[in-house]
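The structure appears below as structure tokens.
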Amino acid sequence: MAELSPLRRRMIEDLTIRNLSPATQRSYVHAVAKFSRYFGRSPDRLGLEDVRAFQVHLVSTGISWPALNQTVCALRFFYGVTLGHAEIPERIVYARSPRTLPVVLSADEVVAFLEAVPSLKSRTALTTAYAAGLRASETVGLKVGDIDSGRGVIRVEHGKGGKDRTVMLSAQLLRILRVYWRLAKPQGWLFPGRDANRPIDVQVLYSACRSARAAAGIDKRVTVHTLRHSFATHLLENGTDIRIIQVLLGHNNLSSTARYTKVSNGLIRRTTSPLDRLNIEVVPPG
């Protein structure tokens, strides 16, 4: 394995100190390395005009707006934090992304999709993601002890931005998890990978989504995030207060800490998960 350059090592250390997720660290380092390779020079010898030329190049390749803006985030971090040029990041402009409506599944499509997942572990993980509106990383990061059946909640540790939160534990999901636990006997991680000391890889869930969408004959792109959007939409359609939905999703942009605490502690347990309105097969056949 090639030895890391001092500059790359410093950037990785800067990313680690700020507790950015491993996936974000990898994408930032990859983006800066790609920037460097394009010009054939070390990135600390490149300036704003080079950044602009690189952005023009990326746009010409048909890169998606989210991917382009992720590159911008990486370069802003590199110049502002690793190189310490505080004046540069604000001059590296973001692309204005076209606003599109998120893909949302109907209740019937959610049932068809989940029942098309043949693996017990993947089906239970994706059902959990929908029932609680979790991100893929939050789903695979669940531990057995995070399921608090006594209080009727699920603890989500280190969500986006490193924040912890509490979400409702659906009665239907609890039944499914109990069946899953009896059959799979997970110990530490709720959804362990092949190595029981590590959680299931998110790529396993992404692959399961692609296969289940095709098997269910759903003419929409379905990802774990689609289940999260569907969770929020179904709650809204059922009359749940938007402030509660924001808290459940981890969008903690409410007006005060006291108000957030009141919403989370007083209402989350009494909020009905959209899963409880569906009739999902607990165990895949066979």
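The values are calculated or read from the model by the stated rules, or taken from the named source; none is laboratory data. Keep in mind the model is a prediction, meaning the values are calculated, not measured. All Cβ positions, glycine included, derive from the backbone under ideal geometry; neighbour counts span all protein chains shown. Side chains included, ligands, DNA and RNA excluded: accessible areas come from the protein's heavy atoms. Shrake-Rupley method; radii C 1.70, N 1.55, O 1.52, S 1.80 Å.
For Glu281 and Val93 in the same chain, what is the full-extension length gain: residue separation times 0.36 nm, less their Cα-Cα distance, in nm?
Numbers: separation 188, 0.36 × 188 = 67.68 nm, distance 4.85 nm.
Between Glu281 and Val93, full extension yields an extra 62.8 nm.
Once the piece of chain linking Arg45 and Asp195 is laid out straight, how much longer is it, given 0.36 nm per residue of separation minus the C-alpha distance between them?
Length difference between fully extended and current span is 49.7 nm.
Per 0.36 nm of contour for each residue apart, how much would the distance between Lys185 and Ala214 grow if the chain were fully extended, relative to their Cα-Cα spacing?
7.5 nm
Is there a pair in Lys34/Lys163; Lys34/Lys220; Lys121/Lys143 whose C-alpha atoms are over 22 Å apart, and which pairs would that be?
Flagged as over cut-off: Lys34/Lys163; Lys34/Lys220.
In square angstrom, rounded to the nearest 10, how much accessible surface does Lys121 have for a 1.4 Å probe?
Number for this one is 60 Å².
Residues with beta-carbon under 15 Å from that of Arg37, excluding Arg37: net charge, scoring Lys, Arg +1 and Asp, Glu -1?
Details: positive: Arg8, Lys34, Arg41, Arg45; negative: Asp44, Asp50.
Residues near Arg37 contribute +2 overall.
Among [x] 21.4, 61; [y] 21.8, 74; [z] 22.7, 77, find the value of Rg and Dmax of the Cα atoms in Å that was calculated from the structure presented, and write down its label.
[x]
Within a Cβ distance under 14 Å of Glu49, other residues only, what is the Lys/Arg minus Asp/Glu net charge?
+3
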